[in-house]
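The structure appears right after this line, and notes come after that.
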Amino acid sequence: MTLGIDNLENQSIPISSGNILYVGGSGEGNYTKIQDAINDAKDGDTVFVYSGTYYENVVINKTINLIGENKNTTIIDGSGVGDVIIINADSVNISGFLIKNNVEDSSGIRILSDYNNIFSNIVEYCRYGIYIREGWFNNIYDNFIENVYYFGITIYSYPEINCMNNCVFNNIIDFNVESNKESVGIHTRGKRILISNNTITDCKKSGIQICDDSYDSQILNNTIIGDNQRISYGILLRDDTYNIDVINNYVSGCDYGILINGLIYNISHNFIDKNRYGIYTASFNYSNSISNNIVTNCEEIGIGIESYTSFCLVTNNIIEQANRGITVEHGTNNIIIRNIIKNNTIGVEVWGTYNEIISNNLINNNRHAKFFDHFNIWEKNYWGRPVYHPKIIFGRVGEFHKTLPWINIEWTPAKEPYDIKVLS
């Protein structure tokens, strides 16, 4: 699946077409209020706002360009009364503002339309930073969002209203320690959403959260860091989401680096470092691919496959310095093949049946493998040194408490490590 940013590349941003109406400054006839200039503007006009502080709540119901002179000094202050900016018209461009101060359940910018571009702004001290409540083909990029209380950027559709083909990229979202315990950097519910090249720090619940009934989306090249406070979930894909790519992200300082709860995910080329759990599939997941990731320094589990997860492929990953490198917890028919699993307390731990552990490099783990169920397949793994005879793997079985000592036998262990390259 590929989801480009065609809606940006194929759409011009004409910031000087039509007439230009000026707000502030010293020019004769300039407006003193932004809303007055918008009211007098026509479709295709530009409202240019000089530096200053404007205590307003702005409603845009025309196709215009709203441009601030300087995003640090051109301030729209909502004075704690409702949304600071509401966009009802299509094809609106907003840039160059510091947008601040709204009340509970309101937003810095609320979008209720299509084909808008929101770029190069600062949004602060709002409950929601930028909120696409309904709309298609909107682009949110190059903004700095800080000190918001709840969601930095949210795209949220309801069953009767679809949000599709929206892009969120190149934004910086920085929470302070006073944010709500449910604070989320980027929060979405919709179809065909691109989230790329964003930097998110110090939210409390999730860096990026994809909610139910979302699919055909991409999460690419983002950085999520719990620096001053630990984040619960770096990337959280909730129930009833499917066909989502999570590629080339850096996640650090979280309880769960990536937690997935749905179907047909491609989790690849991510660097997951210094989390409690690295990549973790929750219950009832199917047909997910976890490949070419580097997972390091996990307090508990590097890659975890939870109960009733089936047909998951775990391949070409490096997992090191975790309490347990790879764990299958009551999953079935999963394949763990050609991974480098090294320097962990336990390399591979299996609680489940009919899983295949094949052609992995198990190196310098305190204990390479253990199991707690029958009928798993161990084949052609490298066990840290050449093994010229069948490899005995010790574990325990039993219907309830797993107290009966048991062995599995790998009949054809590898005599030398595999040349496994994790692709960048």
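Details
- Between the beta carbons of Lys402 and Thr345, assuming R0 = 30 Å, the FRET efficiency works out to 0.95 to the nearest 0.05.
- Judged by the ratio a/c of the largest to the smallest principal axis of the C-alpha gyration tensor, the range 40-168 counts as oblate, that ratio being 1.5 or greater while a/b is no larger than b/c.
- Backbone N within the range 277-299 under 18 Å of label point (7 Å from Leu423 Cα along the Cβ vector): 288-295
- Per-residue packing, averaged as other Cβ atoms within 10 Å, sorts the ranges 163-173, 377-387 into the order 163-173, 377-387, beginning with the highest.
- Equivalent-ellipsoid semi-axes of the range 291-424, from the Cα gyration tensor, Å, largest first: 21, 18, 14
- The GluC sites (Glu not before Pro) of the range 15-117 meeting both criteria, a DSSP state outside H, G, I, E and B (loop) and at most 13 other C-beta atoms within 10 angstrom of the site's C-beta, are Glu28, Glu104.
- Separation between Cα centres of the range 61-103 and the range 112-183, rounded to whole Å: 13 Å
- For the pair Ser289 and Lys415 in one chain, pulling the backbone fully straight at 0.36 nm per residue adds 42.6 nm over the alpha carbon distance.
- Between the alpha-carbon centres of the range 224-272 and the range 294-349 there is a gap of 15 Å.
- Distance violations [Cα-Cα > 22 Å] among Lys33/Lys62; Lys42/Lys71; Lys342/Lys370; Lys100/Lys274: Lys42/Lys71; Lys100/Lys274
- Inter-label distance, Asn197 to Leu112: 3.2 nm, where each label sits 7 Å from its Cα along the C-beta direction.
- Extension reserve of the Asn30-Lys42 stretch, reckoned as 0.36 nm per residue once the Cα distance is removed: 2.7 nm
- Entry note, the chain: the mean residue ellipticity at 222 nm calculated from DSSP H runs of n ≥ 4, each adding -39500 (n - 2.57), is -500 deg cm²/dmol after division by the residues and rounding to the nearest 500.
- If only the Cβ of Lys and Arg carry +1 and only the Cβ of Asp and Glu carry -1, the dipole of the chain around its Cα centre is close to 1580 debye.
- Bridge orientation summary for the chain: considering DSSP beta bridges with both residues in this region, about 5 percent are antiparallel.
- Estimated FRET transfer efficiency (Thr353, Asn176; beta-carbon r; R0 56 Å; 0.05): 0.70
Each reported figure results from applying straightforward, stated rules to the coordinates on display, with no laboratory input. Just so you know, these numbers come straight off a predicted model, no measurement behind them. Glycine gets a Cβ as well: all are built from the backbone with ideal geometry, and neighbour counts include every protein chain shown.
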